[in-house]
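Below: one structure, written as structure tokens.
The values are calculated or read from the model by the stated rules, or taken from the named source; none is laboratory data. All values reported here derive from a predicted model rather than from experimental measurement. All Cβ positions, glycine included, derive from the backbone under ideal geometry; neighbour counts span all protein chains shown. With ligands, DNA and RNA removed, areas are computed over all heavy atoms of the protein, side chains included. Shrake-Rupley method; radii C 1.70, N 1.55, O 1.52, S 1.80 Å.
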Amino acid sequence: MSETEATGVENPEEGAAPLEVSNLRKTFGGVVAVDDTSFSVERGSITGLIGPNGAGKSTTFNCITGVHTPDSGRVVFEGEAITNLNPNQIAGKGLVRTFQIARELSEMTVLENMLLAFENQQGEDLWRSVTPGLRKRVIEEERAFLERVWETLELFEIDHLAHEQAGNLSGGQRKLLELSRALLTDPEMLLLDEPMAGVNPSLEKKLLERIHELKAQGYTFLLVEHDMDVIMENCEHVIVMHQGRVLSEGPPAAIQADEQVIEAYLGGEV
Ligand code: ADP
Ligand code: MG
């Protein structure tokens with residue numbers, strides 16, 4: 001497999017921003033959820049996306065990951081326009097967001113949830129498992145994947161929960177499972193929408209440690225998070241949205257001192 005096939009990257013430019021959002025706009029009926037939003041995310045960074053409730057953060061995530069088609073604007077990932085691709089195609093390019101575990105999946109075990117990520121990833125390739133000449137290779141691939149599943153569960157310290165139904169996990173353990181699943185899809189960049197919600201302090205610390213370890217390995221993160229301390233302590237760059245637009249962006253200290261930002265938060269329903 002060539003490097004291009006392995007990473008899904010067509011024009012990787014070292015150092016260039018992997019994600020660029022330009023003039024994004026998304027309306028729902030009369031509601032302008034995202035209005036002329038532009039920003040880029042530095043490679044290997046943990047970038048925070050913050051703003052009062054209703055600012056347009058989740059809609060922006062949904063437009064980036066193909067859940068919504070924007071009315072106008074452009075999303076470029078690794079030099080390639082991905083604006084009109086569907087979520088699977090975008091994930092296949094290495095831009096992955098975590099999803100809450102759906103109700104159906106909460107009745108499956110943690111391990112089954114992880115294995116499902118493998119099936120989704122293999123997709124149409126599964127026919128190969130019934131082609132005699134290819135069986136040995138498929139079995140090897142499955143074994144390698146299973147090893148990765150266990151490694152990931154161990155990394156997140158949820159391996160002891162492998163046979164537990166996902167629905168029985170605590171909120172925090174679920175978040176770890178969501179992140180574990182996302183990592184199995186070989187992402188380059190992860191979009192996390194409130195990954196700490198419902199997570200107890202010790203699990204939150206663990207989750208943040210893992211995020212920093214992954215960052216050190218070269219992963220890029222865009223993080224939506226309500227907890228301002230988490231944003232200020234963990235992000236090197238912060239983008240503030242307000243009423244669908246980028247109000248301000250910069251390093252955490254500058255954002256914290258920005259009068260416009262303070263005003264937006266005081267005026268908003270935080
Ligand atoms: P945030 O994540 O920053 O809290 P959202 O992106 O969820 O903000 O919402 C931005 C605005 O768009 C809000 O006014 C919200 O009510 C509206 N909105 C978001 N999603 C939808 C939808 N699917 N249908 C209608 N309105 C929506
Ligand atoms: Mg939101």
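Report in % the part of the accessible area of the chain that belongs to carbon and sulfur, leaving out ligands and nucleic acids; probe 1.4 Å.
Carbon with sulfur: 48 percent of the solvent-accessible area.
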Kindly provide the helix-only [θ] at 222 nm of the chain, computed as the sum of -39,500 (n - 2.57) over DSSP H runs of four or more divided by all residues, to the nearest 500 deg cm²/dmol? -11500 deg cm²/dmol
In the chain, what percentage of the DSSP-assigned beta bridges are antiparallel, given to the nearest 5? 55 percent
Hey, what does the equivalent ellipsoid look like for the chain, semi-axes from the Cα gyration tensor as sqrt of 5 times each eigenvalue, largest first, whole Å? 33, 22, 17
Cα gyration tensor, the stretch 153-197 - rounded (a/c under 1.5), prolate or oblate: oblate
Taking a threshold of 24 Å on the Cα-Cα distance, which of the pairs K26/K175; K57/K175; K57/K215 fall above it? K26/K175
Rounding to the nearest 10 and keeping the result within 0 to 90°, find how far the Cα-based axis of helix 201-216 lies from the longest principal axis of the chain. 80 degrees
Given the chain, longest segment not containing exposed loop GluC sites (Glu not before Pro) (DSSP; at most 13 other Cβ within 10 Å): 15-106
Taking only protein heavy atoms into account and a 1.4 Å probe, give the accessible area per residue of the chain in Å². 51 Å²
I'd like the accessible area for F99, computed on protein heavy atoms only with a 1.4 Å probe and all protein chains in place. Round to 10 Å², please. 110 Å²
Springs between alpha-carbon pairs under 10 angstrom, Gaussian network model over the chain: which of G198, G29, G92 fluctuates most? G29
In degrees, nearest ten, helix 110-122 long axis to first principal axis of the chain (Cα): 90 degrees
